[in-house]
Ligand SMILES: [Zn+2]
Ligand SMILES: [Zn+2]
């Protein structure tokens, strides 16, 4: 093996590692639109406001936050949790600057912006108490979900 070959091998290894790192970063971010005009919707849990970011802003701002959901609620009952939800994407809120912005959706029923997920990784319903639209059914949430949302 000549030194030139060694150099080529080394370069290939470096390129492979770089490609792997880029892939790892890209694959950890789920909903970033490739269209630069497309917006992503976020909800700040700290100051309770919704805000939009463009695709490039999102790619820049998004951070992974490891979630350790409580395993049981105050009654000692186990909380439902989606398997495999171990981290969430968070962004810094443009209003209060806290890293408290979580992926959000706009309620098609009342227009309220609310987080996509509850704290324990379940699907959140519309946070407007008069609406409580449930994305999984497309109707007003009932029973446990509405009760669970009370502060
Ligand atoms: Zn905020
Ligand atoms: Zn609503």
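Readers should treat all values here as calculations from the given coordinates under stated rules, not as data from a laboratory. Everything numeric here is computed off the predicted structure, so don't read it as measured data. We place every Cβ from the backbone using ideal geometry, glycine too, and count neighbours over all the protein chains shown.
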message: Could you go through region 86-105 and let me know if any residue there is away from ligand 2 (no atom under 16 Å from the Cβ) and on the phi > 0 side of the Ramachandran plot.
response: yes
query: When you scan region 122-144, how many residues do you find that are more than 22 Å from the chain's Cα centre (by Cα) and within 14 Å of residue 106 (Cβ to Cβ)?
result: 1
message: For region 96-106: of the residues being surrounded by fewer than 18 Cβ atoms within 10 Å (Cβ to Cβ) and in a loop (DSSP other than H, G, I, E, B), which is farthest from ligand 1 (Cβ to nearest atom)?
response: 99
query: Of all residues in region 126-140, which are more than 6 Å from ligand 2 (Cβ to nearest atom), under 20 Å from residue 103 (Cα atoms) and in contact with a strand residue (DSSP E or B) (Cβ under 9 Å, 6 or more places away or on another chain)?
result: 127, 132, 134, 135, 136
